[in-house]
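S.K.: Sharing a structure below in structure tokens format, with a few things to ask.
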Amino acid sequence: MSTTTLTQRRDQMVGMLTPLFSRMVGHASFSLPADINNRSRVLVVDSGDLTELLFFAPVLNHLKRRFPGMRVTVLVREGNGELIRTLEPINEMISYQPEHLSFFSSTYFALLRRIKTRGFDVVFLLGHEFSFARSLVALMTKARLRIGFQQTFTYPFVNCEIRNARDVQYEAPRSLAYLSVLGMTPGDSIPAWKLPEADVRWATQMIHFRHPNKETLLIAVDPGMGKGKHRLVETALAHVASEVARRQGAKLVLLSNNLDAKGLLRFKSLLKGSVIDIEPRNVKEALALLSRASLVLAGNTDYFHFAVSMRLPTIGFFTRFDAANWFPKSAPWVQIIQGVRGQQVSVDEVCSKIDTLLHLTKR
């Protein structure tokens with residue numbers, strides 16, 4: 001059975017059950033911004049996407065600074081929890097395995113019962129694509145205020161809908177719409193996500209032991225799958241990374257959060273350069289290592305967007321499947337090369353862009 005057919009059947013089922021869901025949750029009214037305050041119990045339901053947690057972090061930072069008594073719980077995919085532990089506003093984390101968010105899993109119904117009894121006042125439902133399992137979690141809280149982006153099915157799962165803007169925006173500033181619907185205008189002072197200093201020191205030490213010469217560039221390479229579910233051909237990216245390292249006299253470090261150990265080992269065998277042998281144990285350690293890079297080469301991956309947020313000189317190898325909302329805007333430390341099928345990536349073009357980035361950022 002095709003994915004399209006499964007989606008159609010899901011939509012038909014949800015459409016038939018929507019009246020029942022509406023009766024379950026009732027029609028309690030809400031008031032903005034009064035219903036989010038210093039006493040609020042807030043649940044954040046993640047989408048499973050690490051980058052969306054990065055983009056949502058400034059929203060949480062702003063809310064927690066404005067309402068220090070607010071209690072925040074995050075439902076987060078196992079593995080991404082290491083990032084959550086770096087966020088100061090988080091009071092509690094509930095982690096799950098992706099296979100547990102299924103009606104065929106007893107763990108899912110145990111989660112719904114647990115969520116239902118917690119007395120949440122506000123729910124933020126992250127993501128732009130409809131997920132019945134996650135949407136039902138938001139609904140079962142019976143929170144007075146449930147905020148999320150417009151999707152295939154919005155009500156009754158979400159009762160405060162964020163309409164998708166007509167103009168194409170990069171996803172990072174677009175996430176600030178969660179604050180806009182609450183009547184808040186944080187402006188430029190909004191605190192972004194920041195890696196803890198202890199993790200930065202750890203990464204600095206790890207790299208120093210293997211790469212003591214500070215004058216040598218360290219290039220982080222992420223060969224993982226992009227947001228468009230495609231990536232640059234491995235041999236092409238390996239060739240480009242190897243040649244860039246040779247011309248720059250640089251060292252390479254491999255990082256990816258969606259390519260398994262076997263895939264990384266295969267990619268490493270294609271490289272013709274000096275690769276620093278560091279295997280981070282989790283996302284937090286990988287991000288700490290990423291923060292120490294002089295240059296980042298990656299597709300439209302999670303670590304690409306973290307590099308953008310860290311203002312690291314970054315070359316993004318995008319495919320024709322990567323939508324415009326993933327292109328960073330007004331970021332002079334980033335250069336995007338969008339490949340054309342059948343056309344070879346020019347190493348000279350990549351090196352020229354790198355020279356420009358390194359000159360602008362003086363790294």
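The numbers here are math on the coordinates, done by the rules we state, and not lab data. In this text the structure is predicted, and so the values were computed from the model without any measurement. Glycine also receives a Cβ, built like all others from the backbone with ideal geometry; neighbour counts cover every protein chain displayed.
S.K.: What's the magnitude of the charge dipole for the chain around its Cα centre, counting Lys and Arg as +1 and Asp and Glu as -1 at the beta-carbon? Answer in Debye, nearest 20.
M.R.: Approximately 560 debye in magnitude.
S.K.: Straight-line reach from K329: which lysines have a Cα under 22 Å away, not including same-chain ones fewer than 8 places off?
M.R.: The qualifying lysines are K194, K227, K229, K353, K362.
S.K.: Starting with the fewest neighbours, write out V296, V240 ranked by other beta-carbon atoms found within 10 Å of each beta-carbon.
M.R.: V240, V296
S.K.: Compare the Cα positions of S274, P191, T204 along the charge dipole of the chain (+1 at Cβ of Lys, Arg; -1 at Cβ of Asp, Glu; about the Cα centre) and return the one farthest towards the positive end.
M.R.: P191
S.K.: Describe numerically, in nm with one decimal, the distance between label points set 7 Å from Cα along Cα→Cβ at C351 and at R65.
M.R.: With each label placed 7 Å out from Cα toward Cβ, I get 4.4 nm.
S.K.: Any chance you could check the Cα centroid distance between segment 56-71 and segment 205-243 for me, in angstrom?
M.R.: 35 Å
S.K.: Here is a further query. Rounded to the nearest 20 Debye, what is the dipole magnitude of segment 197-361 about its Cα centre when Lys and Arg each give +1 and Asp and Glu each give -1 at the C-beta?
M.R.: With only Lys, Arg, Asp and Glu charged at Cβ, the dipole is about 160 debye.
S.K.: If you don't mind, there's one more thing I want to ask. Can you tell me the FRET efficiency between N38 and L270 if r is taken as the Cβ-Cβ distance and R0 is 45 Å, rounded to the nearest 0.05?
M.R.: The value I calculate is 0.25.
S.K.: Would you list D348, D46 from fewest to most Cβ contacts within 10 Å?
M.R.: Sorted ascending by nearby Cβ count, the order is D348, D46.
S.K.: What GluC sites (Glu not before Pro) in segment 23-89 are in a loop by DSSP, with at most 15 other Cβ atoms within 10 Å of the Cβ?
M.R.: Counting only loop positions with at most 15 other Cβ atoms within 10 Å, the GluC sites (Glu not before Pro) in segment 23-89 are E78.
S.K.: Give the shape of segment 257-337 as rounded, prolate or oblate, defined through the alpha-carbon gyration tensor: a ≥ b ≥ c are the square roots of its eigenvalues, a/c under 1.5 means rounded, and otherwise the shape is prolate if a/b is larger than b/c and oblate if not.
M.R.: prolate
S.K.: May I pose another question? Hey, got the Cα dimensions of the chain along the principal axes, in Å, largest first?
M.R.: Ordered largest first, the chain gives principal extents of 65, 49, 39 Å.
S.K.: Same structure, new question: Could you tell me how far the Cα centroid of segment 258-286 sits from the Cα centroid of segment 134-203, in Å?
M.R.: The distance from the Cα centre of segment 134-203 to that of segment 258-286 comes to 32 Å.
S.K.: Given DSSP loops and a limit of at most 10 other Cβ atoms within 10 Å, what is the longest stretch of the chain that contains no such chymotrypsin sites (Phe, Trp or Tyr not before Pro)?
M.R.: 105-363
S.K.: If the elastic network links every pair of Cα atoms under 10 Å, which of A34, A323, A250 fluctuates the most in the Gaussian network model of the chain?
M.R.: Answer for the Gaussian network model of the chain: A34.
S.K.: With 10 angstrom as the radius, rank L126, L112, L290 by how many other C-beta atoms surround their C-beta, starting from the fewest.
M.R.: Ascending Cβ contact count within 10 Å gives the list L112, L290, L126.
S.K.: Have a look at V221, G249, S346 and report the one farthest towards the positive end of the charge dipole of the chain, computed about the Cα centre with Cβ charges (Lys/Arg +1, Asp/Glu -1).
M.R.: Of V221, G249, S346, it is V221.
S.K.: Could you tell me which of rounded, prolate or oblate describes segment 189-234, using a ≥ b ≥ c as the square roots of the eigenvalues of the alpha-carbon gyration tensor, with rounded for a/c under 1.5 and, failing that, prolate when a/b is larger than b/c and oblate otherwise?
M.R.: Note, shape of segment 189-234 comes out oblate.
S.K.: Would you be so kind as to identify which of Q151, L125, P173 lies farthest towards the positive end of the dipole of segment 108-177, taking Lys and Arg as +1 and Asp and Glu as -1 on Cβ and the Cα centre as origin?
M.R.: Value: L125.
S.K.: Take the chain, connect every pair of alpha-carbon atoms lying under 10 Å apart with a spring to form a Gaussian network, then pick out the residue of P156, P191, P89 with the largest mean-square fluctuation.
M.R.: P191
S.K.: In segment 72-166, how does Rg compare with the Kirkwood Rh, expressed as the Rg/Rh ratio over alpha carbon atoms?
M.R.: Rounded to two decimals, Rg/Rh equals 0.95.
S.K.: Let me spell out the model: positive unit charges on the Cβ of Lys and Arg, negative unit charges on the Cβ of Asp and Glu, origin at the Cα centre of segment 17-189. What dipole size does that give, in debye rounded to 20?
M.R.: The dipole of segment 17-189 has a size of about 760 debye.
S.K.: If you don't mind, there's one more thing I want to ask. Once you compute Rg and the Kirkwood Rh from C-alpha atoms, what is the Rg to Rh ratio for segment 76-122?
M.R.: A ratio of 1.01.
S.K.: Related question: Give me the one-decimal nm value for the distance between modelled label points at R210 and K194, 7 Å along each residue's Cα-to-Cβ direction.
M.R.: Reported label-point gap for R210 and K194 is 2.8 nm.
S.K.: Which trypsin sites (Lys or Arg not before Pro) in segment 143-252 pass both tests, a DSSP loop state and at most 13 other beta-carbon atoms within 10 Å?
M.R.: Sites meeting the loop and neighbour criteria: R163, R166, K214, K229.
S.K.: Could you tell me which of rounded, prolate or oblate describes segment 17-189, using a ≥ b ≥ c as the square roots of the eigenvalues of the alpha-carbon gyration tensor, with rounded for a/c under 1.5 and, failing that, prolate when a/b is larger than b/c and oblate otherwise?
M.R.: rounded
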